[in-house]
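The values are calculated or read from the model by the stated rules, or taken from the named source; none is laboratory data. On a predicted model such as this, the values are computed, not experimentally measured, just so you know. Every residue, glycine among them, receives a Cβ derived from its backbone with ideal geometry; neighbour counts consider all protein chains shown.
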Amino acid sequence: MATKLYTYWRSSAAYRVRIALNLKGIDYEPVAVSLKPGDDEHRKDEYRAINPQMLVPFFDDGKVAIGQSMAILEYLEEACPGSPLLPADEPLRSKVRAFCNAIACDIHPLNNLRVLKYLSDELDISDKQKSDWYAHWITEGFRACEELSVRHAHDGPYAFGRDVTLADVLLVPQMYNARRFNVPLDEVPRLVAVSDACNELQAFRDAAPENQPDYA
């Protein structure tokens, strides 16, 4: 069975997994699931039967079928140890995990599509208020990530030095979102430089939203 990734071009969580699969050289079949309002393919019975959470990404390699991007990334790290994305030694290994969770647990959940839709549809906030909400949580989280990278990178162009890690895999999609929503980035020059360095790599470029088959 071919490895499948149920994905949506604009989903930053799916973007993370696409990057990791590319970095590890794992061939996969992208299966587009449109989250676009009006399409809402993730809420249809066919997809719900695959993933009861009705979210993307969802990963299936014939042995393991799981949702949640961080669970997928940890599985890939364990199942495909070639091209490791976690440092071998502590405490750097745990520092990278902490950086990842700052994005995956603190920034992203407050800014994902269903939260923004709830703010607009149920709480009737203005577009300006929604943009301010989005920028606030990215700025708060990025300040901490900036400090973590500055403290622990030591040398090299990536978030934690000379080697690409899961920290970079998480950062680049979140930086894409920050730029998409015109979030000021003057306070995080290190993160901007890291993201730009990552986007010089083919694995990151191939995973970018505009390079996906379902890009629209």
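List pairs: first residue in segment 1-30 and over 16 Å from LEU201 (Cβ atoms) and modelled with pLDDT of 95 or more, second residue assigned to a strand (DSSP E or B) and small (Gly, Ala, Ser) anywhere in the structure, Cβ distance under 9 angstrom, at least six positions apart or on different chains.
LYS4/ALA65; TYR6/ALA32; TYR6/GLY67; THR7/ALA32; TYR8/ALA32; TRP9/ALA32
Does ILE103 count as buried (at least 20 other Cβ atoms within 10 Å of the Cβ) and either in the same structural domain as THR165 (by TED's automatic domain parsing) or closer than 20 Å to TYR215 by Cα (or both)?
Yes; evaluated as a whole, the condition is true for this residue.
Is there any pair with a first residue in segment 126-148 that is surrounded by 15 or more Cβ atoms within 10 Å (Cβ to Cβ) and a second that is among the basic types (Lys, Arg) whose Cβ atoms are under 7 Å apart and which are 6 or more apart or on different chains, and what are they?
Cβ pairs passing all conditions: GLU146/ARG190; LEU148/LYS95.
Which one of the conditions (1) in contact with a strand residue (DSSP E or B) (Cβ under 9 Å, 6 or more places away or on another chain); (2) farther than 19 Å from LEU85 by Cβ does CYS198 fail to meet, given that it meets all the rest?
Going through (1) in contact with a strand residue (DSSP E or B) (Cβ under 9 Å, 6 or more places away or on another chain); (2) farther than 19 Å from LEU85 by Cβ one by one, CYS198 breaks only (2).
Restricting segment 54-89 to residues that are modelled with pLDDT of 95 or more and among the acidic types (Asp, Glu), which is surrounded by the fewest Cβ atoms within 10 Å (Cβ to Cβ)?
So the residue we want is GLU78.
If the Cβ limit is 7 Å and pairs must be 6+ apart or interchain, which residue in segment 47-58 that is farther than 20 Å from SER12 by Cα and assigned by TED's automatic domain parsing to the domain that holds VAL33 pairs with which residue that is of a type in the set (Lys, Arg) and surrounded by 20 or more Cβ atoms within 10 Å (Cβ to Cβ)?
Correct list of pairs: empty, since none qualify.
Across segment 14-47, which residue is nearest to LEU171 (Cα to Cα) among those that are in contact with a strand residue (DSSP E or B) (Cβ under 9 Å, 6 or more places away or on another chain) and part of a helix (DSSP H, G or I)?
Per the criteria, the residue is TYR15.
Check ARG190, ARG151, ARG114, ARG162 and return the single one that is of a type in the set (D, E, K, R) and under 17 Å from the mean Cα position of the chain (by Cα).
ARG114
Kindly indicate which of ALA153, ALA159, ALA167 is modelled with pLDDT under 95 and closer than 17 Å to LEU92 by Cα.
Just one listed residue meets the conditions, ALA153.
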